[in-house]
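Structure record follows, encoded as structure tokens.
The values are calculated or read from the model by the stated rules, or taken from the named source; none is laboratory data. Keep in mind that this is a model prediction, so the values were computed, not measured. Counting neighbours? That spans all protein chains shown, and the Cβs are built from the backbone with ideal geometry, glycine included.
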Amino acid sequence: MGDAFAFVLHGHLPYARNSGRWPHGEEWVHEAILGTYLPLVSTLLDLRDAKVPFRLTVGLTPVLLEQLADKDVIDRFEEYAADQQRRAEDDVRRFADLGDYSLESLAARYVDHMTRILRVFRRTISRDLVGAFADLVRSGHLEILTSAATHGYLPLLERPDAIRSQLANGIAATSQRLQIDPAGIWLPECAYTPGLERYLEEFRLTHFLVDAALLEGRESQATTAAPLVVHRSPRWASGDGATTEVRYGVPGRADLLSPYLVGTSRVAVIARHPRVSGQVWSALHGYPGDGVYREFHRKDEVSGLRYWRVTDSSSGLDQKEPYDWDAAFDRTNSHASHFVSLVRAELEDHRRSTSKDGLLVAAFDLELFGHWWFEGVAWLGATLRRFAEEGLATTSLDAHLRTNPPREATQIRRGSWGKNNDDSTWLNDRTAWMWIELERAAARMEEIVSYAERGAIRRRAVAQATRELLIAQASDWEFLITTGQADEYARERFRTHLLRFERCAEIARTGDGEDELRQLEDLDNPFLNVDWSAYRAAAVH
């Protein structure tokens, strides 16, 4: 019992295996491994070895786990990392020849940094990132959230079979790769629509997060605060505690520091705290914008490495000042202290106003740390140390819910953590055609699943069709088109996977084309034991 704080870090990348290199494609994964996932694992292992008490919740989407466990991806990552190290070594010599000893020293720091990170990769975790995360779960330091298989935007999929297929394959991949039974889920894009909790309940998931706007300011839709007896989730029950009485329809604003049951379900919703999360997210006031930190957007014209600092938000890239490695990493300590004091103040304010324990949740994209914000993983480690030093508990969502099951229920409005908290980033004039195509393909799945009973080739074709449809359903393609970050690449990927889906459907229908099917299986190989039964169930009914 008592106040607690939870970091939630959401790790996700689209399926990029064998799908191009820089600037879009598999190098997304390589960059994230070198910049984010390896530094994070290294930091958490160091904290554990130092016996610093901490708990962290990390969402690793199933499609990300599949790529991190893929031998080809890992082999090519090692080639990428070795190349980055060689670039730094070349810079040392180049800057020395130019007589620029400041940049020579900075390039040498990159060499040391990459050498240490690769030592962790090769020796400490034996090239097994997924195994390292699983080890941290076993030691009680991590909770891993599952997600929809390929990060499909569930409220817009709409069809029950498509939603169930995303959830079934996602949960199975998380379970198989990490050897865990996941309790919580990161809903893709934090996107919720009323009734979605019933699907989560069906798959024995007990909690998810939403953006605060989906809860904040919502008046009760009930006229009374009548007690409601619900069956407590088996994960939360202890002893004879099979049921618990919750209050439903309590009028007033939602308490963002309390979990709620959603409607009459056994699934809890937890809000991301906007002010505390914004201390990192905010483009104007967040820590990553501090002038001392490394500038992400300016690269050396020869090596592509970054040798400049943010300086200030108004300066152009050509006005950025040289990066000071020691000053930047020293700043993470003061920012860690500030963050812990902010969390403590919020929890104290909550206790004064409610007389209740509070759970404060700050949630972020994992790739912000280390990749975008170079010093971010160091800040995270310093912050976890500071929490421990000050005696303020960090917890995982599952651990908190086991000892503090929610006793109030609420309704949530439809929305996401995207622009305007709605669906518009994924459904708009530029992407509406994609949802028509996905609906048509899902309907076709109901037709072709029956072919799986007609022989091994057809069964393999149905399995591969399921994979291709899952990849096409990823929310990334609409996001990249809407934001303009990789419009043509996203359109091409989306169309390619639907064309591969159609070819698999035809092979399933005819039983002809094994050589072509083998090629498709080699190109797109996530979810080894892919499950198409959601569509079979829909076809039967």
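So which of Arg413, Arg407, Arg385 is modelled with pLDDT of 95 or more and of a type in the set (Lys, Arg)? Talk me through it step by step, then tell me what you get.
Values: Arg413 fails: modelled with pLDDT of 95 or more; Arg407 fails: modelled with pLDDT of 95 or more.
Among Arg413, Arg407, Arg385, only Arg385 is modelled with pLDDT of 95 or more and of a type in the set (Lys, Arg).
Evaluate the following for Ser282: is it touching an Asp or Glu at 6+ places or on another chain (Cβ under 9 Å) and either outside the structural domain of Ala382 (by TED's automatic domain parsing) or surrounded by 15 or more Cβ atoms within 10 Å (Cβ to Cβ) (or both)? Walk me through it before giving the result.
On the way: touching an Asp or Glu at 6+ places or on another chain (Cβ under 9 Å): no; either outside the structural domain of Ala382 (by TED's automatic domain parsing) or surrounded by 15 or more Cβ atoms within 10 Å (Cβ to Cβ) (or both): yes.
For Ser282, the condition - touching an Asp or Glu at 6+ places or on another chain (Cβ under 9 Å) and either outside the structural domain of Ala382 (by TED's automatic domain parsing) or surrounded by 15 or more Cβ atoms within 10 Å (Cβ to Cβ) (or both) - is not met.
Is it true that some residue in the stretch 444-456 is without any contact (Cβ under 8 Å) to a residue 12 or more places away in the chain, out of contact with any Leu (no Cβ under 6 Å at 6 or more places or on another chain) and in a loop (DSSP other than H, G, I, E, B)? No, that holds for no residue.
Report, ordered by the first and then the second residue, all pairs with beta carbons closer than 7 Å, sequence separation of six or more or different chains, a first member in the stretch 472-494 that is within 18 Å of Ala442 (Cα to Cα), and a second member that is charged (D, E, K, R). That search, which allows pairs on different chains as well, returns Ser475/Glu189; Trp477/Arg493. In the set (1) charged (D, E, K, R); (2) surrounded by 16 or more Cβ atoms within 10 Å (Cβ to Cβ); (3) farther than 22 Å from Cys190 by Cβ, Arg266 fails one condition alone, (3). For the stretch 468-494, taking the residues that are outside any helix (DSSP H, G or I) and of a type in the set (A, V, I, L, M, F, W, C), the one that is nearest to Asp423 (Cα to Cα) is identified as Ala474.
Assess whether Gln85 counts as being among the polar types (S, T, N, Q) and not assigned by TED's automatic domain parsing to the domain that holds Arg17.
Values: among the polar types (S, T, N, Q): yes; not assigned by TED's automatic domain parsing to the domain that holds Arg17: no.
So Gln85 fails the test.
The set of residues from the stretch 391-422 being touching a Leu at 6+ places or on another chain (Cβ under 6 Å) and in a loop (DSSP other than H, G, I, E, B) comprises Pro406, Ile412, Arg413.
Out of the residues in the stretch 232-254 meeting the condition of being in contact with an Asp or Glu (Cβ under 8 Å, 6 or more places away or on another chain) and of a type outside the set (A, V, I, L, M, F, W, C), tell me which one is modelled with the lowest pLDDT. Explain how you work it out, then say what you get.
Let us first name the residues in the stretch 232-254 that are in contact with an Asp or Glu (Cβ under 8 Å, 6 or more places away or on another chain), namely 235, 246-248, 250-254.
Filter again for of a type outside the set (A, V, I, L, M, F, W, C), leaving 235, 247-248, 251-253.
Details: Arg235: 61, Arg247: 53, Tyr248: 49, Pro251: 41, Gly252: 47, Arg253: 66.
Ranking the qualifying residues of the stretch 232-254, first place goes to Pro251.
Taking the stretch 473-489 as the range and being of a type outside the set (S, T, N, Q) and buried (at least 24 other Cβ atoms within 10 Å of the Cβ) as the test, the residues that pass are Ala474, Asp476, Trp477, Glu478.
Looking at the stretch 356-365, is at least one residue surrounded by fewer than 20 Cβ atoms within 10 Å (Cβ to Cβ), closer than 27 Å to Asp300 by Cβ and in the same structural domain as Leu209 (by TED's automatic domain parsing)?
Residues of the stretch 356-365 surrounded by fewer than 20 Cβ atoms within 10 Å (Cβ to Cβ): 356-357, 364-365.
Those left that are additionally closer than 27 Å to Asp300 by Cβ: 365.
Of the ones still in play, those that are also in the same structural domain as Leu209 (by TED's automatic domain parsing) are 365.
Yes, the stretch 356-365 contains at least one residue that is surrounded by fewer than 20 Cβ atoms within 10 Å (Cβ to Cβ), closer than 27 Å to Asp300 by Cβ and in the same structural domain as Leu209 (by TED's automatic domain parsing).
For the stretch 118-143, the set of residues classified as of a type in the set (A, V, I, L, M, F, W, C), in a helix (DSSP H, G or I) and more than 19 Å from the chain's Cα centre (by Cα) consists of Leu118, Val120, Phe121, listed by residue number.
Residue count for the stretch 185-205 satisfying the condition of being assigned to a helix (DSSP H, G or I) and out of contact with any Gly (no Cβ under 7 Å at 6 or more places or on another chain): 7.
All conditions but one from (1) touching a residue at least 24 places away in the same chain (Cβ under 8 Å); (2) surrounded by 17 or more Cβ atoms within 10 Å (Cβ to Cβ) apply to Gly20; the one that does not is (2).
Examine the stretch 379-390 for a residue that is outside any helix (DSSP H, G or I) and among the aromatic types (Phe, Trp, Tyr), and state whether such a residue exists. Looking for residues that are outside any helix (DSSP H, G or I) and among the aromatic types (Phe, Trp, Tyr), one finds none in the stretch 379-390, hence no.
Here Ser313 meets the list (1) within 22 Å of Ser277 (Cβ to Cβ); (2) touching a Phe, Trp or Tyr at 6+ places or on another chain (Cβ under 9 Å) almost entirely, failing just condition (2).
Against the definition (surrounded by 18 or more Cβ atoms within 10 Å (Cβ to Cβ), farther than 30 Å from Arg309 by Cα and charged (D, E, K, R)), how does Asp128 come out, yes or no? Here the answer is no, as Asp128 does not meet what is asked. A single entry from Gly99, Gly25 fulfils the requirement of being of a type outside the set (Phe, Trp, Tyr) and either surrounded by fewer than 18 Cβ atoms within 10 Å (Cβ to Cβ) or not assigned by TED's automatic domain parsing to the domain that holds His207 (or both): Gly99.
Exactly one residue out of Leu106, Leu64 is crowded, with 19+ Cβ neighbours inside 10 Å and free of Cβ contacts under 8 Å to residues at least 60 places away in the same chain: that is Leu64. Among the residues of the stretch 292-320, which ones are surrounded by 14 or more Cβ atoms within 10 Å (Cβ to Cβ), in contact (Cβ under 8 Å) with a residue 24 or more places away in the chain and part of a loop (DSSP other than H, G, I, E, B)? Within the stretch 292-320, Val292, Tyr293, Glu295, Phe296, Asp300, Ser303, Leu305, Arg306, Tyr307, Lys320 qualify. Find the residue count for the stretch 425-469, including only residues that are at pLDDT 95 or above, among the polar types (S, T, N, Q) and surrounded by 14 or more Cβ atoms within 10 Å (Cβ to Cβ). Within the stretch 425-469, residues that are at pLDDT 95 or above, among the polar types (S, T, N, Q) and surrounded by 14 or more Cβ atoms within 10 Å (Cβ to Cβ) number 4.
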